[in-house]
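First the structure, in the form of structure tokens, and then the observations on it.
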Amino acid sequence: MDQGTTLTQFIIEEQRRIPGATGDFTSLLNDILTACKKISCAVNRGGLIGILGSAETENVQGETQKKLDIISNDVMIEALDWTGHLAGMASEEMDDPLPIPDMYPKGKYLILFDPLDGSSNIDVNLSVGTIFSVLRCPEGVENPSVEDFLQPGTEQVCAGYALYGPSTMLVLTTGHGVNGFTLDRSIGEFILSHPDMKVPETTREFAINMSNQRFWPAPIKRYVDECLAGEHGAHNKNYNMRWVASMVAEVHRILTRGGIFMYPADSRPGSENGKLRLMYEANPMSFIIEQAGGASHTGRQRIMDVKPEGLHQRVPVILGSREEVEVVVGYHGDGKDGGREVA
């Protein structure tokens with residue numbers, strides 16, 4: 001019986017279209033798939049094997065880590081450090097890049113990852129995910145430094161995420177559109193289930209944490225107020241609000257039925273430049289959204305054009321259906337935002 005196109009088959013077929021391809025990138029993606037399968041299994045069995053709850057430690061961001069944050073980070077490292085395809089790794093959970101051990105060969109790629117996005121949802125059994133971004137290591141560099149990772153989003157070779165929900169999915173772009181694959185546990189393979197995913201140009205849904213409303217810049221307040229006004233407001237249509245507290249889940253919903261996701265900079269101490277990490281979250285998700293026909297912006301600048309200044313740099317994020325993003329971006333530049341600069 002035909003099981004459909006596996007992700008491995010899909011990647012190999014894509015590789016054959018590239019003259020001179022060596023297969024290194026294909027092998028790297030297969031290693032990432034293995035890690036995502038292991039994390040999916042740990043997430044699904046967390047309550048049965050005693051790995052839910054807090055680890056009572058903090059990561060580099062000053063956030064309390066869940067046990068599964070640490071486990072997922074270890075799984076990613078153990079699946080990738082020995083393969084010979086990477087020159088270095090960086091994780092949202094670690095202060096500095098992780099060098100490849102000297103006992104293993106070095107490859108030509110760099111990877112950055114958020115091993116378990118939305119981990120605050122774990123204990124209440126809601127969707128979480130893994131986000132990754134692949135870059136080329138600069139020519140001639142054998143031991144990459146922080147600066148070698150600080151490439152703008154336009155330089156990404158590949159970006160993707162795994163969603164651990166009712167089913168486990170992997171969504172991927174290599175710069176030629178976006179495709180979604182669902183894990184068939186009966187055969188242990190990701191199967192192409194959502195080919196050529198596209199973000200609807202307009203929407204009737206928005207996602208934002210309304211509890212922070214009093215801290216938002218004026219352009220965000222203006223847009224959300226207009227959404228709440230419904231068919232009597234400036235957009236002449238009724239909106240629904242969504243908020244999952246997992247960027248993977250928010251982006252996946254936008255890919256499947258449209259919408260706009262906003263995590264703006266605000267006036268709270270520590271949030272003046274936004275909350276989401278450019279290298280681990282904003283860049284890879286922006287690559288995916290743009291490849292699916294959507295848009296992604298800080299309000300002042302296209303996210304993938306931002307020149308990174310630090311490995312854990314934060315930026316405001318406005319992404320999703322193109323028409324809605326353009327409205328919000330327009331509000332930042334029309335002189336009615338109270339003069340507050342947003343990065």
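Coordinate-derived values only; no laboratory data. Note that this is a predicted model, so its numbers are computed, not measured. Because the Cβ atoms are built from the backbone with ideal geometry, glycine has one as well, and the counts that use them run over all protein chains shown.
Points to keep in mind about this one:
- For SER193, the residues whose amide H sits under 5 Å from its own are GLY180, PHE181, THR182, ignoring neighbours fewer than 5 places away on the same chain, with H placed 1.01 Å from N.
- Cα-based shape type of segment 232-273, given that a ≥ b ≥ c are square roots of the gyration tensor eigenvalues and the cut on a/c is 1.5: oblate
- Between SER186 and GLU139, the modelled label-to-label distance comes to 5.0 nm, taking each label 7 Å out from Cα in the direction of the beta carbon.
- Annotation: for a label point projected 7 angstrom from Cα along Cα→Cβ of SER167, no residues of segment 287-303 have a backbone N closer than 16 Å.
- Neighbour counts of other Cβ atoms within 10 Å put TRP216, TRP82 in the fewest-to-most order TRP82, TRP216.
- Each peptide in 32-40, 218-226 was scored by the mean count of other Cβ atoms within 10 Å over its residues; highest first, the order is 32-40, 218-226.
- Computed from the C-beta positions of ARG268 and ARG300, the FRET efficiency with R₀ = 22 Å rounds to 0.70.
- Relative to the current alpha-carbon distance between SER120 and LYS307, full extension at 0.36 nm per residue lengthens the span by 64.4 nm.
- Estimated inter-spin distance, ASP74 and THR154, nm [label 7 Å along Cα→Cβ]: 4.2
- Cα shape, segment 208-319, gyration tensor, a/c 1.5 rule: oblate
- With contacts taken as Cα pairs under 8 Å at a separation of at least 6 residues, the chain carries a relative contact order of 15 percent.
- When each of LYS37/LYS237; LYS198/LYS275; LYS37/LYS307; LYS198/LYS237; LYS106/LYS307; LYS221/LYS275 is checked by Cα-Cα distance, pairs over 29 Å: LYS37/LYS237; LYS37/LYS307
- For the chain, the membrane-span-like helices by this rule, meaning whole DSSP H stretches whose C-alpha atoms cover at least 27 Å of axis and whose Kyte-Doolittle mean is -0.5 or above, are 24-45; this says nothing about an actual membrane.
- Residue-span extension gain [HIS232 to ASN44] - 0.36 nm each, minus C-alpha spacing: 63.3 nm
- Label-to-label distance, nm, for residues given as PHE215 and ILE18 (7 Å Cα→Cβ offset): 4.0
- Computed helical MRE - 222 nm, the chain, DSSP H runs ≥ 4 contributing -39500 (n - 2.57), nearest 500: -8000 deg cm²/dmol
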